[in-house]
Number of protein chains: 4
Amino acid sequence: MKSIGVGVIGTGYMGKAHSVALKAVGTVFETALKPVCEMICATSEAGAAEKAAAYGFKRSTADWRVLVADPAVEAVIIASPQRTHRDIALAAIAADKPVFCEKPLGETLQDSEVMTAAAEAAGVVNMVGFNYIRTPASQLARQIIEAGEIGRLVHVRAEHTEDFLADPETPANWRTREASSGALGDLSPHIINAVLRLIGPIESLVADIQTVHETRPGPDGPEKVENDDQGHFLCRFANGAMGSLTFSRVASGRKMGYAYEIYGTKGALRFDQEDQNALWLCDSDAAPGREGYRKILTGPEHPDYQAFCLGPGHGTGYNDQIIIEARDFLKAIETGRPRWPTFRDGCDVNRVVAAVARSNQTRNWVTVGDLHA
Amino acid sequence: MKSIGVGVIGTGYMGKAHSVALKAVGTVFETALKPVCEMICATSEAGAAEKAAAYGFKRSTADWRVLVADPAVEAVIIASPQRTHRDIALAAIAADKPVFCEKPLGETLQDSEVMTAAAEAAGVVNMVGFNYIRTPASQLARQIIEAGEIGRLVHVRAEHTEDFLADPETPANWRTREASSGALGDLSPHIINAVLRLIGPIESLVADIQTVHETRPGPDGPEKVENDDQGHFLCRFANGAMGSLTFSRVASGRKMGYAYEIYGTKGALRFDQEDQNALWLCDSDAAPGREGYRKILTGPEHPDYQAFCLGPGHGTGYNDQIIIEARDFLKAIETGRPRWPTFRDGCDVNRVVAAVARSNQTRNWVTVGDLHA
Amino acid sequence: MKSIGVGVIGTGYMGKAHSVALKAVGTVFETALKPVCEMICATSEAGAAEKAAAYGFKRSTADWRVLVADPAVEAVIIASPQRTHRDIALAAIAADKPVFCEKPLGETLQDSEVMTAAAEAAGVVNMVGFNYIRTPASQLARQIIEAGEIGRLVHVRAEHTEDFLADPETPANWRTREASSGALGDLSPHIINAVLRLIGPIESLVADIQTVHETRPGPDGPEKVENDDQGHFLCRFANGAMGSLTFSRVASGRKMGYAYEIYGTKGALRFDQEDQNALWLCDSDAAPGREGYRKILTGPEHPDYQAFCLGPGHGTGYNDQIIIEARDFLKAIETGRPRWPTFRDGCDVNRVVAAVARSNQTRNWVTVGDLHA
Amino acid sequence: MKSIGVGVIGTGYMGKAHSVALKAVGTVFETALKPVCEMICATSEAGAAEKAAAYGFKRSTADWRVLVADPAVEAVIIASPQRTHRDIALAAIAADKPVFCEKPLGETLQDSEVMTAAAEAAGVVNMVGFNYIRTPASQLARQIIEAGEIGRLVHVRAEHTEDFLADPETPANWRTREASSGALGDLSPHIINAVLRLIGPIESLVADIQTVHETRPGPDGPEKVENDDQGHFLCRFANGAMGSLTFSRVASGRKMGYAYEIYGTKGALRFDQEDQNALWLCDSDAAPGREGYRKILTGPEHPDYQAFCLGPGHGTGYNDQIIIEARDFLKAIETGRPRWPTFRDGCDVNRVVAAVARSNQTRNWVTVGDLHA
């Protein structure tokens, strides 16, 4: 048994989630490497100290460079705003420290490529945070596909839709301003990552994007919304399958609409994150008159479930996905072998996002591989 | 009370469905005009006579011209193969007889335009058979949208997917040969009709179509499949909403995948024909913490339900949709006023289908209104 | 091909449903015996004449004795209030005419026993109307059980719940007065019939019944409710299985809550009439990690579906159940062989209902077979 | 901020779950009192040491008396077999240490009464582990009921059903021997606790219990099964509502069938632990034609959700329920005020369990309050 000091940059939504995961992962997975919550970084010294106490970290700082340089910090988790990812990651890589970066990797495809090149050149363990694809159900989906249980893939429909900006009266905020991503930059990466993982590389696509609510109430009257509310694209995968993907922050009633339907020549799969403990499988083994979609409840026989609970159907939740990420990050550090998804995988997602934006501008099909920063 | 003699051309799937509807409609809806099953037309005299006895028609013929010309046949229902629609419809119009034509209207956009022009010039009652949109649930969807209950429409996802050719080992048959339509011609019209009815006209679209199984077992070895298995398109509606539609005959596990999700600024709707007696509504009236999709079971307070049954949740089925069509056709004849969907509405569907084919060829966005035969 | 004149007594909910079924059944099932709507009986001459015109009957009467005696009426359908069932049925039997009686058979167990004895002594074709058990899905449930696909049965939970009297402000009406049945007499027979058909005879039971709303608004102030609103019972079946059944007219939100869950040693079944075109099957054939409930959509390979529609998942509805009943009644007449459920089967249901009432009074377990009028 | 040393007795399923919860609770809820994993107790020294390392405890022991007596252990969690609960709890109480005991409280009603009396006499903080009722969804159910949103309660149907012994070929094991509880003792307490919490006290009940598989494969041939496989009971609550409850370990296909349906005069609720992040609500506020069950996804506006995640629909899981328990235990210690459910609440559950056993023996209705050890 060995311990490793970890520093977390960011104390918001994801900073807290990673802190919880660091506390729990050693017990849930009984990992060889036990993480220690060494230092946390917020935007002010007082705020950082408060969060260190609240989350159970030994020390705190308002300067991420201090955290990255601290000798007791042996690994870095970046959960700060997207625009800061590049500089922090490059500093951690320069310091030869394993680095975990929240999605989306870089603010631009160029940033992501620079980060990826640096990490690979340095041989530093690197990972990106795509948590949703780590549920036991989505891992099971991948197993089923890889085992050929639904045959050759022919079509996927997928979406990441939420409704937090569905109401036109919701005031303008940081999310609706240029410095932030719209639905394309913020939400689509999760589901693009999912289809890349489950189906394979995307060759080409054609997209359409829209700002549904062009203005929102601002402090001084109507304020222009500076990024997109929704969009969708058609694509062709390298393996010949067709895809249709949607992303939205104005999909009324959708709270966690990370969902996919995958059709193959021998069966089909359906999943919706709003019921994350079930995977629907239609296979071709059923007797005549007995065919249909079967609701498989996740349980100990499915990937990574048993560490959480011995009872099938008892269920895992959002934070458990982050605990699985933490286990993989620790395992990569322990073994020195990268674990999916690496910066390169994150970069692949950014490339598809860039292709979507390009296609929306050109109103044409775009070959994804042609896109480089 | 008055009776009207009806002739049905075609004794297959839809010919039988219309025969059942003619028998039941007068009692279900207690219509003023009671239809009489006067004559039925099949491809052989013997077959026609057999079906007349089986379905309860007075007379039979193997020549549709005889049926159209018969003085006791006062209205004509065309349920024969698509390539025959044009000639029969033109003859019925020339004979000044009300005509109901199964979908899709004409084999080509040009045929449909000719049929529409003829019917309108003659002032003959004309209708097209889009039965699925007539369920109480889908009629309720339209009421909800028109009443503004879900606000301004922003996105629709819709599909008509089935799996009757999902298995690559299913032999080649008439459906896979050039004379027949693929999924685009056969299945997409239903769901295109639905979105035109629920959302409004489509302005432009970009499409992708695929023949998934390029050959199938034929009588003399592998036989080339001559039409498409699946496809999808993105579109913009005249009212600004975005749409994403899919059609497939290879969607494993989908039996009657006529489904839509419609998002508005104040709520959303979901429907799946596989559970045709439920409409899911998310509205914005719920108290905080009480929001969600509500499963509305169709009942007597919803359009056209009460004639079938006084109990909510007791449910209507496939044939009941055809009975509703029959009621509308009789009502149009009785009043001399056309009832939706007329040939013109069927023609609008054909135009979108043609635009999808065009976009697939040109690999570009297509403006639907530009398409004419 | 032969025709048979049918008389229908009653023009309410069920009278209309049977009229629709008589019109459609010959075409749907292409029966050898084609029914003719000969005469209909209502409570007034004018009302009967109006309904004859509306429903398409040749003649009408306000006197059921006239109908039963009419030589052109060759078979009788009783869809009048329960208290009239006995006398009409006995008259039809005396006239040696096949008789179909709506459920519940007699007003009391004694009436039912008298009716059954008379019908059997006369050798007249006799049937009772339990329509819900005739859906393709519930017929499939029986096939699955009989084939042993879910093994030896160990537990069933079932209910017939609706909410038409859930609101305490709903005024008193004929349903809440002594002359009528409460939930026990009105609703429980359907689901008792279902479990007798699917599981087998009930040996013993213990019950509890309640009038939830003791008074309701009446014309002159609060009026006492004279029958029960809800109840439930535990039972043991002859085959050793345990059962738990509920009936209610005050189950808020339940519209057609005719539902069952049946557990066996090798699998389980679930059904809910509110989604009548699906049967959920959990079998033990699934590979490890692939177990779960499968949603089977009814289709042409399931009992009685194909006559309605060739497409799976297209769905049947309430009236289609009545058409299946009509087919069975015609078949019984044609062949002279009784078809389930006969008066004897209806009597068995009455006996369980009587046992429930007895157990509620005595507050003890009751042996069903001990009950006789 | 203050820390408190905690000792955990038991290293199985629940021992691990509590260990994970102790690690995470301080960060998830940012509690004032931060627990320290001080000592863990297993059945052997080696096993205990191994688990201490695996779960991250400072020290270990094979003697629970050592743990209870250790001065650094300031609170005790009992997650050992049921037969040990009494002695450990009495020792902890004698040592004046807060004690949390897994359900069911005592092996017999008498044990539970002794434990309760001791804890109350000593004024020691005491709690019982009924985790399922702590999901945000079930807490929300209670809020809705208490606010009167579904009116006066009239009926509840509830179950705790699983299928781990459904297969008759599953060999005999500790669960099927006399020393252990059957489905009544093991599974029913969870759902009895739920209805006591949601509906209120049970006044009387009538029950039926069954051992479905009387023998199972044993090491030396068929071995007698010494406890029950399934059972159910009808009951009346003090507030007049009726209840029907089922418990089973042989319910094929049910993995975590902790489920309830609660009907009131103004609405209804439905919940199934297999989809623990949703609560179905039917309220009476819907406009005519818009009524139905609404699927509410749990989110930050619901009890205890926000500490886990800021996004609605993102979901909590099994371990999160244990974390909520840990928070409540810490809060009770911090404030000196008991938090539901105390030993007294656990004792109430035992009393109902005893009444079920009694009614099964006597074949009569039993008044719950009459039962005392």
Among the numbered conditions (1) at pLDDT 95 or above; (2) over 29 Å from residue A:372 (Cβ atoms), tell me where residue A:176 comes up short.
(1)
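Among the residues that make up the range C:104-112, is at least one of them of a type in the set (Val, Ile, Thr) and over 23 Å from residue C:44 (Cα atoms)? Walk me through how you get there before you give the answer.
Going residue by residue through the range C:104-112, those that are of a type in the set (Val, Ile, Thr) are C:108.
Filter once more, so that each one left must be over 23 Å from residue C:44 (Cα atoms): C:108.
Yes, there is a match, as at least one residue in the range C:104-112 is of a type in the set (Val, Ile, Thr) and over 23 Å from residue C:44 (Cα atoms).
Condition check ((1) without any contact (Cβ under 8 Å) to a residue 40 or more places away in the chain; (2) polar (S, T, N, Q); (3) within 21 Å of residue D:18 (Cα to Cα)) across all residues:
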{"site": "A:12", "(1), (2), (3)": "no, no, no"}
{"site": "A:15", "(1), (2), (3)": "no, no, no"}
{"site": "A:29", "(1), (2), (3)": "no, no, yes"}
{"site": "A:35", "(1), (2), (3)": "no, no, yes"}
{"site": "A:46", "(1), (2), (3)": "yes, no, no"}
{"site": "A:51", "(1), (2), (3)": "no, no, no"}
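Keeping to the range D:212-226, report how many residues are under 18 Å from residue D:357 (Cβ atoms) and more than 11 Å from every other protein chain (Cβ to nearest Cβ).
Here the count works out to 2.
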What number goes with the only condition from (1) touching a Lys or Arg at 6+ places or on another chain (Cβ under 9 Å); (2) over 25 Å from residue A:38 (Cβ atoms) that residue D:33 does not pass?
(2)
Of all residues in the range C:325-349, count the ones that are more than 18 Å from residue C:105 (Cα to Cα) and either within 12 Å of chain B (Cβ to nearest Cβ) or touching a strand residue (DSSP E or B) at 6+ places or on another chain (Cβ under 9 Å) (or both).
5
Note on residue A:71: of the conditions (1) buried (at least 23 other Cβ atoms within 10 Å of the Cβ); (2) out of contact with any strand residue (DSSP E or B) (no Cβ under 8 Å at 6 or more places or on another chain), unmet is (1)
Residues of the range B:278-290 satisfying the condition of being buried (at least 20 other Cβ atoms within 10 Å of the Cβ) and over 20 Å from the mean Cα position of the chain (by Cα):
B:280, B:281, B:282, B:283
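Where in the range B:204-277 are the strands (runs of 3 or more DSSP E), entirely inside, with at least 3 residues that are farther than 20 Å from residue B:186 by Cα and open to solvent by 10 Å² or more (accessible area, probe 1.4 Å)? Explain how you work it out, then say what you get.
Working: elements: B:215-218, B:221-224, B:230-237, B:242-248, B:257-264, B:268-272.
Passing ranges, in order: B:221-224.
Which residues, counting only those in the range D:101-140, are at negative phi and without any contact (Cβ under 8 Å) to a residue 24 or more places away in the chain?
Within the range D:101-140, the first condition is being at negative phi, and the residues that meet it are D:101-122, D:124-140.
Correct list: D:117, D:121.
For every residue, the table says whether it meets (1) assigned to a loop (DSSP other than H, G, I, E, B); (2) within 12 Å of chain D (Cβ to nearest Cβ); (3) modelled with pLDDT under 95; (4) open to solvent by 10 Å² or more (accessible area, probe 1.4 Å).
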residue: A:21; (1), (2), (3), (4): no, yes, no, no
residue: A:27; (1), (2), (3), (4): no, yes, no, no
residue: A:48; (1), (2), (3), (4): no, no, no, no
residue: A:57; (1), (2), (3), (4): yes, yes, no, yes
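Please enumerate the residues belonging to the range B:178-216 that are hydroxyl-bearing (Ser, Thr, Tyr) and within 20 Å of residue B:153 (Cα to Cα).
Of the residues in the range B:178-216, the ones hydroxyl-bearing (Ser, Thr, Tyr) are B:180-181, B:188, B:204, B:211, B:215.
B:204 - this is the single residue of the range B:178-216 that is hydroxyl-bearing (Ser, Thr, Tyr) and within 20 Å of residue B:153 (Cα to Cα).
Could you tell me whether the range B:35-44 includes any residue that is part of a helix (DSSP H, G or I), open to solvent by 70 Å² or more (accessible area, probe 1.4 Å) and more than 19 Å from residue B:330 (Cβ to Cβ)? Talk me through it step by step, then tell me what you get.
Kept after step one, since they are part of a helix (DSSP H, G or I), are these residues of the range B:35-44: none.
Checked against the condition, which is being part of a helix (DSSP H, G or I), open to solvent by 70 Å² or more (accessible area, probe 1.4 Å) and more than 19 Å from residue B:330 (Cβ to Cβ), the range B:35-44 yields no hits at all.
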Number of the exception - residue B:31 against (1) open to solvent by 20 Å² or more (accessible area, probe 1.4 Å); (2) part of a loop (DSSP other than H, G, I, E, B); (3) not hydrophobic (A, V, I, L, M, F, W, C):
(1)
Boolean, residue A:310 is within 14 Å of chain D (Cβ to nearest Cβ), over 23 Å from residue B:263 (Cβ atoms) and part of a loop (DSSP other than H, G, I, E, B):
yes
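Looking for whichever is aliphatic (A, V, I, L, M), touching a residue at least 24 places away in the same chain (Cβ under 8 Å) and within 30 Å of residue C:300 (Cβ to Cβ) here; the options are B:332, B:354, B:307. Which one fits?
On the way: B:332 fails: within 30 Å of residue C:300 (Cβ to Cβ); B:354 fails: within 30 Å of residue C:300 (Cβ to Cβ).
Of the residues listed, the single one that is aliphatic (A, V, I, L, M), touching a residue at least 24 places away in the same chain (Cβ under 8 Å) and within 30 Å of residue C:300 (Cβ to Cβ) is B:307.
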Looking at (1) in a loop (DSSP other than H, G, I, E, B); (2) within 14 Å of chain C (Cβ to nearest Cβ), which is the one condition that is false for residue B:291?
(2)
Residues located in the range B:71-91, provided they are assigned to a loop (DSSP other than H, G, I, E, B), touching a residue at least 12 places away in the same chain (Cβ under 8 Å) and farther than 19 Å from residue B:350 by Cβ:
B:72, B:73, B:74
List pairs: first in the range C:227-254 and more than 9 Å from chain D (Cβ to nearest Cβ), second among the charged types (D, E, K, R), Cβ under 6 Å, 6+ apart or cross-chain?
C:238/C:203; C:249/C:162; C:249/C:229
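For residue A:306, indicate whether it is among the polar types (S, T, N, Q), open to solvent by less than 10 Å² (accessible area, probe 1.4 Å) and out of contact with any Gly (no Cβ under 7 Å at 6 or more places or on another chain). Quick ask: steps written out before the conclusion?
Working: among the polar types (S, T, N, Q): yes; open to solvent by less than 10 Å² (accessible area, probe 1.4 Å): no; out of contact with any Gly (no Cβ under 7 Å at 6 or more places or on another chain): yes.
So residue A:306 fails the test.
Could we say that residue C:82 is within 25 Å of residue C:354 (Cα to Cα), of a type in the set (S, T, N, Q) and crowded, with 17+ Cβ neighbours inside 10 Å here? Don't jump to the end; show me each part of the working.
Numbers: within 25 Å of residue C:354 (Cα to Cα): yes; of a type in the set (S, T, N, Q): yes; crowded, with 17+ Cβ neighbours inside 10 Å: yes.
Yes: the conditions hold for residue C:82.
Name the single residue, out of those in the range A:1-19 being among the hydrophobic types (A, V, I, L, M, F, W, C) and farther than 18 Å from residue A:324 by Cβ, that is surrounded by the fewest Cβ atoms within 10 Å (Cβ to Cβ). Even if it seems obvious, please write down each step before you answer.
Step one: of the range A:1-19, the residues among the hydrophobic types (A, V, I, L, M, F, W, C) are A:1, A:4, A:6, A:8-9, A:14, A:17.
Still in the running and farther than 18 Å from residue A:324 by Cβ: A:1, A:9.
Details: A:1: 11, A:9: 25.
Among those that are among the hydrophobic types (A, V, I, L, M, F, W, C) and farther than 18 Å from residue A:324 by Cβ, it is A:1.
In the range C:354-373, which residues are part of a helix (DSSP H, G or I) and either within 14 Å of another protein chain (Cβ to nearest Cβ) or closer than 16 Å to residue C:128 by Cα (or both)?
If we filter the range C:354-373 for residues that are part of a helix (DSSP H, G or I), which is where we start, we get C:354-362, C:368-370.
The answer is C:356, C:359, C:360, C:361, C:362.
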Can you find a residue in the range C:8-19 that is over 21 Å from the mean Cα position of the chain (by Cα), of a type outside the set (Lys, Arg) and in the same structural domain as residue C:89 (by TED's automatic domain parsing)?
no
Out of all the residues in the range D:313-329, which are part of a helix (DSSP H, G or I) and within 14 Å of residue D:20 (Cα to Cα)?
D:318, D:319, D:320, D:321, D:322, D:323, D:324, D:325, D:326, D:327
Do you know which residues across the range B:59-68 are open to solvent by less than 20 Å² (accessible area, probe 1.4 Å) and within 26 Å of the chain's Cα centre (by Cα)?
B:67, B:68
For the range A:323-356, give me each residue that is among the hydrophobic types (A, V, I, L, M, F, W, C) and surrounded by fewer than 19 Cβ atoms within 10 Å (Cβ to Cβ).
A:340
Across the range D:264-277, what is the total count of residues that are under 20 Å from the mean Cα position of the chain (by Cα), within 12 Å of chain C (Cβ to nearest Cβ) and in contact (Cβ under 8 Å) with a residue 60 or more places away in the chain?
0
Could you list, in sequence order, the residues of the range C:301-334 that are farther than 17 Å from residue C:27 by Cα and over 15 Å from the mean Cα position of the chain (by Cα)?
C:301, C:302, C:303, C:311, C:312, C:313, C:314, C:315, C:332, C:333
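The values are calculated or read from the model by the stated rules, or taken from the named source; none is laboratory data. None of the values given here were measured: they were computed from a predicted structure. In this analysis, Cβ positions are derived from the backbone assuming ideal geometry, glycine residues included, and neighbour counts consider all displayed protein chains. Just so you know, the surface numbers come from the protein's heavy atoms only, side chains and all, with ligands and any DNA or RNA stripped out. Shrake-Rupley method; radii C 1.70, N 1.55, O 1.52, S 1.80 Å.
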